[in-house]
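Taking it in order: structure first as structure tokens, then the write-up.
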Amino acid sequence: MSLGTVNFMAKSVMELQGWFVDIMNHLSAKNYDNGDWTPVITGMTGDPTVTAWFQRFGIECNFTIILEGTHQLEDATITLPLTPLGYGVAVIHSLTDNSTLGTAKVDVDTGVLNVKSYYIDDETAIIKGFYKVAGI
């Protein structure tokens, strides 16, 4: 959604009310959110340190998950910070040796990130992705 047009001929704040409401909607929780979250991961062996955060603006939610330590994901699911309304994707990359570990998809039907499989031994992996959410 884009901002409504500004009435440059307005002589009072009341005549600009619609425009100010648009700005507030863009900047409010209706359209913007960010923070940390603790994803629930099923299908994982190992006990890595997990750090995750997200940022949502409009109809897109971007997320980052860092997994530090030896672990394996096999037909794994990872919960997301916000309910998906459309499909999305993520890339999985080793920050230790700069190698690609694979991709994952956001499943709108189940509301989780699906990871087929990967294994790392004493490395740090990053999962970076995005998907569609409710927004204005």
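The figures follow:
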{"read-out": "Selection count where residues are over 13 Å from residue 110 (Cα atoms), of a type in the set (A, V, I, L, M, F, W, C) and out of contact with any Ser or Thr (no Cβ under 8 Å at 6 or more places or on another chain), scope the stretch 50-87", "value": "4"}
{"read-out": "Strands (runs of 3 or more DSSP E) enclosed by the stretch 22-136 - at least 2 residues per element that are over 11 Å from the mean Cα position of the chain (by Cα) and hydrophobic (A, V, I, L, M, F, W, C)", "value": "41-46, 60-68, 71-79, 88-94, 100-107, 112-120, 124-132"}
{"read-out": "Members of the stretch 35-84 found to be charged (D, E, K, R), within 20 Å of residue 135 (Cα to Cα) and either surrounded by 15 or more Cβ atoms within 10 Å (Cβ to Cβ) or in contact (Cβ under 8 Å) with a residue 40 or more places away in the chain (or both), listed by number", "value": "56, 60"}
{"read-out": "Complete set of residues in the stretch 106-136 that are of a type outside the set (A, V, I, L, M, F, W, C), free of Cβ contacts under 8 Å to residues at least 40 places away in the same chain and in contact with a Lys or Arg (Cβ under 9 Å, 6 or more places away or on another chain)", "value": "114"}
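Taken together, the values in this text are just the output of simple stated rules run on the coordinates, not laboratory data. On a predicted model such as this, the values are computed, not experimentally measured, just so you know. Every residue, glycine among them, receives a Cβ derived from its backbone with ideal geometry; neighbour counts consider all protein chains shown.
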